[in-house]
Every structure is written in structure tokens, then in C-alpha cells.
Amino acid sequence: MELHNFITLIQERLAGKVLSVAEMKNDDVMITTDREHFAEVVAILKNNSSFRFSTLMNQSGADYTDTLAVMVNLYSGFLRRKVTVKAFLQRENPEIDSLVPLFRGIDWYERETFDMFGIRFLGHPNLKRLLLPDDWEGYPLRKDYVYPHSYNGMETGRADLLDVDAAGEAHV
Amino acid sequence: MSKYSSQEMVLNMGPHHPSTHGVIRFILQTDGEMMVKATPDIGFLHRGIEKIAERLPWQAFMPYTDRVDYVASVNCNLGYAVAVERLADITVPERAEYLRVIAAELSRIGSHFIGFGALLLDLGAVTPFVHALRERERYNDLMEMLCGARLTHNYVRIGGVAQDAPDGFAEKCLSFVDHLEYEFIGEFNNMISFNTILINRLANVGVISAATANDFTLSGPNLRGSGADFDLRRDEPYSVYNRFNFDVPKGTGKFGSLGDSYDRYWVRIEEVTQSCRIIREALRKMPKSGDIRTRLPKPFTVPAGEVYVRTEAPRGELGFYLVSDGGKQPFRVKIRTGSFSAMTIIEHISQGVMVADLVAIIGSLDVVAPEIDR
């Protein structure tokens, strides 16, 4: 299907549920929606017989400084097309519906996004930190993240060996 | 406790276990020799590569992509370079594209040697691993000739490759792939692939149907092992892969049921032969001389925008989601790796298998720890 026709088809089928549908680099289509319609839009893309976006390629989060965002990349072997669905979230209370009921493999992706951005996925069966320790503070991939100086009493910085005090000791 | 009662026991496997392929931990719930559940615990090798990317110029991130999957570093270089080129509309000289394909396919061969070699090692067959490593040593020599490094190659650049192939590289490369395709693979199969003990250890173990594999976002050889006919090099060609003639091997249930560990093992063996075909054809079609790198403007900036580009790495789909704000540095880099997806399915398929079979399942999924954690 031609990209132009495909975009028209999406706009038709998802009218009222999406904010914008735009062409994206690499033969991709960017669908922007809001957090209320996010899971619904993905479900339609997956289950509608004229789309069949049944393959999840990637899920990630991003911090656009004023807002946070969640995006999923879907692929349809039927149409041989890719789409990116993105939803912007408030910084204060980032919450969005989990996609685990639709794609079982998204479980860890959502946990990683929670781990790195602090975005909570409602209805996720096991929303815990994935890569970082459970007692880690803060969400590292946010743009306003401040590097901790120590973790459980261990220094995280490295001493500058050229910067020594009067006694010849280097400090972190 | 009565004579026949069963008792569940929680067993810790890893983080430093010889058969977990790096630093991964599994929490096993066992009932005697049977496993109730194996829960992976990851993050021991998390280096925050995605955060590092936001603090470096676009080109300077290239050496870090080596460390995403150090067993097949050229494929990671290539994935990142292709993503940036698609976002910034950079064209790559013809000769550089062929050099990339040759290096990437050599890397795939080298990676599969570790992949099935380590699987066999985990199952207790030490000798075949040494044979596979002997051939990987020749691959290391070839890569050293091409780019000077033996493990983290850092060969691909945005807009081209780092160096041209030296004199004598093509001949050496050709003799290597001829040796592999016509001598080594047959010898290796006779030695181990058709061995009854190996077949009994792998066949019907860890069966994944194509639908389940898709549901758990498996990709690459793991997906093809379940019988799915999908290869990004053929179905969504990047670089110059559309100019080559090769088959896409897939699982057939050779000695057991479709999608078992043996199918995944066999797909990797077959892929080595196909990579040999691609390399031979690339060496033949490669322009004899020419530019190897596009000159990038200084300072190099990428127009604002977003892109998701996926390439076929030895461990499955390697995707880069790039966000640029028009600056000298990436705004956000998300790396989607094959091993990360492969780990998510272990909890599902490890229910009710023997503890010894878990080792076969992990090995047949060919996970590499740094690629899971990034």
C-alpha cells in the first residue's frame, strides 16, 4: 500500500482517537495520541483485519524536558509497514495503560521504561525496577537527573589523581 | 514428610555461573530435578550506554556500540550508522557499502561460532567449542587485517567505513569462506551436529511455536528457528543486501518438533553457509576502487526528527530509536536488542523442564549479557 493511502486509512479508522498522523523517516508513520486512547489505538492497529500490526518491534520512553513520552514501534507483516505510536504524558504524574494484555513480550520493555523514566504502567503485572537495584533513587534517563555521589555508602565518582591536597591525597 | 511428598526448593544460578554466558542470575524454583519456574534477574552489566549517548557527539558514540554486543561488534556499528544515515539523509559510497556487508557477515559467522560453540560447551561437549574457536581465530585475524582490532572493531563510520581493505584481504577472505563452506561445516556436522547425545539433549527441548515467538518479540535466528520466514536482510534490505542471492534458513523440526532447541542450533549452522555465500558474492561484485567515506560537514549535526531503524544482527533484530533535536549530540538513543527479547521468554518456556534443560534453552537462545543490559 502506498504511504499516502495508508496515512489516509489510519486517519479514517482512528478518527477522534489520534492527535496527528504524519510521515516519518525510514518509511515509517508517526501516530501521536493521548494517554487515554493509547492502548485503544494500539489494540485497533493490532486486531483490525485491515492493519494486523501484530509484531511489536520496540517500546521506549523519552524525556522531552517539558513532557515525557512513551512510544511503541509496530510492524505488520500483512501490510509490510511500520508504525510508531506515541503518547505524551505529564511530567508530574506520568501514568499510562500497560500493553501487556496485547503483547506479552512488552513486559520487560515497560519495566525498563519505568526504571529509567519513572513512567507507571497501569495494569502491569510486575512493575518493578529491571536493570537498576530496587533501592536506587531517581530515574536516570530523565533530563533533570542528578548523578548521585554515593550509593549505599559506596562512592560513585572517580578521584582526580592530579587534584591532590596538601597531604598528597586525591579526593572524589 | 511422607515418602513421596515433593518439596519445592529455591536455587540460585549465577550471577557467576559457567553456563549463563556472562553475568546473569536465575532464581530457580525447583522440585527435585524438575523446574517449576526460572526467573531471570538482570542488570549486572548495565552501563547506561543510552545515557552516555546523550552526552557525546554523534560520531563519538560509535565505539560504545561495540560494547553493546562485543561478540558481533561490526553489526552494532552498522545498525547505529544506518540509523543516523537514514535520519540525516547521508549516502554512503558504493565500495564502503560492500566493505560493510563483508565485515558484518564475517562478524555474523564469528558470532555464530561463539553462539553454537558455547551452547555445546554448556552441554558438556568441550572439543567442538575449541574447533569453533579455532575458526573464530581466523576471523579475528581477518578483522585485525581490516581494521586493526580483534574484538571491539569500531570499523563502521557514519557515512562509510574507517579503512579500506588492505592488499591481500580479498584473497584471504575468500580462502576463509571456502574453507568454512566446503570443509569446516561438514566436518563440524559429522563431529557433533548429528551426534545422538546432542540430538537427545536438544530435540523437543524448549519448544517455541511461531505465534508464541512473535508474541514475545523474538527475532532473528530464534524466530526463524520456530519456522517463521522473516529476515530483515531480505525483507527490509538496508545497505546493499538487496543485491545478493541467499536463502533464509528456518526451522523444520529436523529431529524433534518445530521450534525446539535443535532447530535454533541448526538455523545458526545453516546461516554460516549463507553468510559465506554473501561474502563471496560481495567480494566479486565490489568495485575495485573508490571512496570509502562520505565527508561529513563540520560541525556534524543531524536534523531534528525521530527514526526507528532495525537491522539484522546475529542475535536478532537490532533497532536504534534515535531522537535528534538538531544538535551535535543525540537527544535520545534507545537500543533494542535481540538478547533482551530472548530473555523475556525464558520464564515462560522454562516451566516444567529439567534443570539441565534450562542450560540448553539459554544456550540455544544465544543470549549475550551486555546486550541485555546495555
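No lab work stands behind these numbers, since they all come straight from the coordinates. A quick note: this is a predicted structure, and the numbers were derived from the prediction, not measured. Ideal geometry is used to build each Cβ from the backbone, glycine not excepted, and the neighbour counts take in all protein chains shown.
Brief remarks on what is shown
- Put simply, the amide H of residue B:205, placed in the peptide plane, has neighbours under 5 Å in B:261, B:262, leaving out anything fewer than 5 places away on its chain.
- Relative contact order, percent, region B:153-304 [alpha-carbon distance under 8 Å, six or more residues apart]: 30 percent
- Other-chain or far-sequence residues with amide H under 5 Å of residue B:36's (modelled H): B:29, B:30, B:31, B:352
- Three-way shape label, the protein assembly as shown, alpha-carbon gyration tensor, a/c 1.5: rounded
- Efficiency of FRET from Cβ geometry, residue B:325 and residue B:137, R₀ 51 Å, rounded to 0.05: 0.70
- Per DSSP, loop trypsin sites (Lys or Arg not before Pro) in region B:24-64 with at most 12 further Cβ within 10 Å: B:55
- For region A:5-13, backbone phi angles converted through the Karplus equation (6.51, -1.76, 1.60; θ = phi - 60°) give residue-by-residue couplings of 5, 5, 5, 4, 4, 4, 4, 5, 6 Hz, Gly and Pro being listed as x.
- Region B:1-99: GluC sites (Glu not before Pro) in DSSP coil with no more than 15 other Cβ atoms inside 10 Å: B:33
- Lys pairs under 20 Å by Cα in chain A, provided they are eight or more residues apart or on distinct chains: 8
- Contact order for region B:190-275, expressed relative to its length and based on alpha carbon pairs under 8 Å spaced 6+ residues apart, stands at 35 percent.
- Calculated FRET value between residue B:348 and residue B:171, using beta carbons and R₀ = 60 Å, to 0.05: 0.80
- Estimated inter-spin distance, residue A:80 and residue B:211, nm [label 7 Å along Cα→Cβ]: 2.6 nm
- Those trypsin sites (Lys or Arg not before Pro) in region A:53-83 that DSSP places in a loop and that have at most 15 other beta carbons within 10 Å: A:80
- Spin-label pair residue B:257/residue B:163, simplified geometry with 7 Å Cα→Cβ offset, distance in nm: 5.1 nm
- Set of lysines with alpha-carbon distance to residue B:172 below 29 Å, sequence-local pairs under 8 removed: B:285, B:288
- Normalised by the number of residues in chain A, the mean separation of alpha-carbon contacts (under 8 Å, six or more apart) gives a relative contact order of 15 percent.
- The local environment of residue B:285, defined by Cβ-Cβ distances under 15 Å, has a net charge of +3 under the rule Lys, Arg +1 and Asp, Glu -1.
- Summarised as an ellipsoid, region B:50-373 has semi-axes of 33, 24, 16 Å, derived from the eigenvalues of the Cα gyration tensor scaled by 5 and square-rooted, with the largest first.
- Virtual spin-label span in nm between residue B:294 and residue A:143, 7 Å along Cα→Cβ: 2.8 nm
- Taking a ≥ b ≥ c as the square roots of the eigenvalues of the Cα gyration tensor, region B:279-374 is oblate, since a/c reaches 1.5 or more and a/b is not larger than b/c.
- Amide H to amide H, with H built 1.01 Å from N, residue B:25 comes under 5 Å of B:41, counting only residues 5 or more places away or on other chains.
- Calculated FRET efficiency for the pair residue B:277/residue B:356, C-beta based, R₀ 35 Å, to 0.05: 0.45
- The order of B:302, B:130, going from fewest to most other C-beta atoms within 10 Å of their C-beta, is B:130, B:302.
- Computed over chain B with a Gaussian network model linking Cα atoms closer than 10 Å, the most mobile of B:88, B:282, B:360 is B:88.
- Phi angles across region A:60-68 convert, under the Karplus curve 6.51 cos²θ - 1.76 cosθ + 1.60 with θ = phi - 60°, into 3J(HN,Hα) values of 8, x, 8, 10, 9, 6, 8, 9, 9 Hz, Gly and Pro given as x.
- For region B:281-292, 3J(HN,Hα) per residue [Karplus equation, 6.51 cos²θ - 1.76 cosθ + 1.60, θ = phi - 60°, Hz, x = Gly/Pro]: 5, 5, 5, 6, 8, 5, x, 5, 8, x, 5, 10
- The GNM of chain B, with springs linking C-alpha atoms under 10 angstrom apart, assigns the highest mean-square fluctuation among B:12, B:154, B:77 to B:12.
- Exposure proxy order (Cβ contacts within 10 Å, fewest to most) of A:154, B:354: A:154, B:354
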